[in-house]
Structures are given as structure tokens and as C-alpha cells.
1. Taking into account only those residues within region 55-106 that are aromatic (Phe, Trp, Tyr) and not in a strand (DSSP E or B), which is surrounded by the most Cβ atoms within 10 Å (Cβ to Cβ)?
2. Within region 144-158, track down each residue that is surrounded by 10 or more Cβ atoms within 10 Å (Cβ to Cβ), at pLDDT below 95 and not hydrophobic (A, V, I, L, M, F, W, C).
3. Select from region 128-173 the residues that are part of a loop (DSSP other than H, G, I, E, B) and either within 18 Å of the chain's Cα centre (by Cα) or acidic (Asp, Glu) (or both) and list them in ascending order.
4. What are the residues in region 112-139 that are loosely packed, with under 11 Cβ neighbours inside 10 Å and modelled with pLDDT under 90, if any?
5. State all residues of region 10-39 that are assigned to a strand (DSSP E or B) and closer than 24 Å to Lys118 by Cα; if no residue qualifies, say none.
6. Applying the selection to region 53-66, what residues are within 26 Å of Leu77 (Cβ to Cβ) and modelled with pLDDT of 95 or more?
7. I'm checking my understanding of the structure. Among residues of region 1-54 that are of a type in the set (S, T, N, Q) and under 17 Å from Lys158 (Cβ atoms), which one is surrounded by the most Cβ atoms within 10 Å (Cβ to Cβ)?
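The values are calculated or read from the model by the stated rules, or taken from the named source; none is laboratory data. Note that the structure is predicted; figures quoted are calculated from it, not measured. All Cβ positions, glycine included, derive from the backbone under ideal geometry; neighbour counts span all protein chains shown.
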Amino acid sequence: MKDYDCYHGTGNVNYQNIQLNGGFTYKPRRNHWLGSGVYFFVDDLEKASWWAKTNRPDKESEPVVLRTTLTFEDKELLNLDLEKDLNMLDDFAASLLEALHEYKAKLQSLDDHEWHCKLIDMFVNKNDGYGAIVRTVSTTQRRGPSRFQAQSKQLCVKDMSKINLQTIEKISI
């Protein structure tokens, strides 16, 4: 079992809707890099604050960050930072591509994010029990003279029952 300190950047109107409606909702997109779900930054208040300030969907309201702790058993989490889980996804992808080739089906042109989204959504649909996917990804932001590429650990929650609204703390930024 693993606990994740999670931060979700959004706007105050979205936060109010989450409270009013009794939970998070999401609109599936074709290019979510970890599949469809609700995204959190792990251990990174600053990155969630940046997201809330620059990318929140409800730009009319003030930016806020929602903090909570999410807990997953190993079997509920597809951890793409682990070789074992990445190998499992690679095997699934190879089988999928082989089946498409066998039936002479072609994938339309997909960029990496679109491919990852479709692949992970199919994997989770075929393999019951996964409530979330976690992965450390490189970001487009660069650091200064150290030349280290900025990275961000993100958690995509698919099982909304794992998010306890009673534990959410709203942080004004």
C-alpha cells in the first residue's frame, strides 16, 4: 500500500462544483498522456500552482490548489516508473499492434500522447482493478545552469471512489 501526497490545480468555481456535485468529474480527451481520469501532481505544490494559474479550465475564477492524500494498494496502481509495470504495458501494446496488423487494421496518425491515452485506457478496461496510473514525465520547463530537465510525477485517478472529499484541503494561491 502506498500513500501519495497529491495536488490538483484548478479554479475556485471548479472546486465549488466538486463540493456541490459530491466529487470530481472529467471529460475524456484523446491526448491525456496517462489515459482518461483526474490528474494530480505528486509531492509538488508549486507545479500544481503553476497549472492552476496558467492552464485551469475556468479562467474566470481565481486559481486554487486542492491537496489530498490518496492511497492505493500495489494491485490498484499501474506504476509506469516501475520496470515490471512498464513491461506489462509494453507486452499489451505489442499484442495490440500485432492484432491490428493481423486484421490489416491501421491506426490513424496518433502522436505519442494520443497513443498513450488510447493504450492505457484499453489496458485498464481489459485489466480490472486499476484505480490509477502514476508516471514521472519530463516537462517542457527547463531549469537554469544545472541543465537538468524538469520532471513531474503525475497520478491519473480513474476510480473516483478513491478520492475522499472530506480530506481535500483548498489552498489559495
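1. It comes out as Phe92.
2. Gln149, Gln151, Ser152
3. Asp128, Gly129, Tyr130, Gly131, Lys158, Asp159, Ile163, Asn164, Ile168
4. Asp112, Ser138
5. Listed by number, the residues that qualify are Val38, Tyr39.
6. Val65, Leu66 - these are the residues of region 53-66 that are within 26 Å of Leu77 (Cβ to Cβ) and modelled with pLDDT of 95 or more.
7. Ser36
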